[in-house]
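Structure first, then comments.
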Amino acid sequence: MCPMFKYGNVAIANSVADETSLIVQGTVSTAMVAFLQQAVLRMVPYAVPTIVLIALDLLYGCRAAKFRGEKIRLSTAIRRTTTKFFGYVCWLILATTLAIAFDKVWLEWGTLGLVYANELLSVIGNYLETKGVTLSIVGVYRWFIKWIAGKAGTEMSDDDAADIVKNKNKNKKKAKDEAGGN
């Protein structure tokens, strides 16, 4: 019979099962650490564009809010930026671990490419908003899907361009001219 050690109300037996359990736990822990180390190393090159996009989004988001006449509060800007940062960390973890698990680099590139493209469109949209132009992200994606499918050809049609970009200044000027203003 195995010797018993009593700690409070819990009895712990030293047995072969405990040694096997320790070996399995050590092996699994080592494999997980190696997996996570590889994932973190693959995330490092994506850290710089992530930080740049977050900073640009903060900058142009504040400018667009100021252009719309909204009050900009530091606490709101910090909260949104922090939320965005942790969201990007989650996307980085998802993309890199999927690429490692399935040994498919295109999973990493594709996932992060979509995330970065969406954020870049947001930054561009905020920048253009301060210039009086509205960017339709849905219109951009619709045109991109047509382009991928080969239906858009090599040039963008006028309908596609009108669907993507709407000039607010032109609409304001047109309304002003119709009202008889200068």
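The values are calculated or read from the model by the stated rules, or taken from the named source; none is laboratory data. Since this is a predicted model, take the numbers as computed values, not measurements. Cβ: placed from backbone, ideal geometry, glycine included. Neighbour counts: every protein chain shown.
Points to keep in mind about this one:
- Sole residue being assigned by TED's automatic domain parsing to the domain that holds GLU70, at pLDDT 75 or above and not β-branched (Val, Ile, Thr), chosen from LEU121, LEU94: LEU94
- For ALA99, the stated conditions hold: it is farther than 21 Å from VAL138 by Cα, surrounded by 12 or more Cβ atoms within 10 Å (Cβ to Cβ) and touching a residue at least 40 places away in the same chain (Cβ under 8 Å).
- Cβ-Cβ under 6 Å pairs, at least 6 apart or on other chains, the stretch 65-80 side outside the structural domain of LEU53 (by TED's automatic domain parsing), far side of a type in the set (Gly, Ala, Ser): none
- Taking the criterion of being part of a helix (DSSP H, G or I) and over 20 Å from the mean Cα position of the chain (by Cα), the residues of the stretch 102-134 that qualify are PHE102, LEU128, GLU129, THR130.
- Flag for LEU107 being surrounded by 13 or more Cβ atoms within 10 Å (Cβ to Cβ), at pLDDT 85 or above, within 26 Å of VAL48 (Cα to Cα) and touching a strand residue (DSSP E or B) at 6+ places or on another chain (Cβ under 8 Å): no
- Restricting attention to the stretch 41-95, the residues being over 26 Å from LEU107 (Cα atoms), outside any loop (DSSP other than H, G, I, E, B) and among the charged types (D, E, K, R) number 5.
- Qualifying residue in the stretch 135-147 (condition: modelled with pLDDT under 85, of a type in the set (S, T, N, Q), over 22 Å from the mean Cα position of the chain (by Cα) and not assigned by TED's automatic domain parsing to the domain that holds VAL40): no
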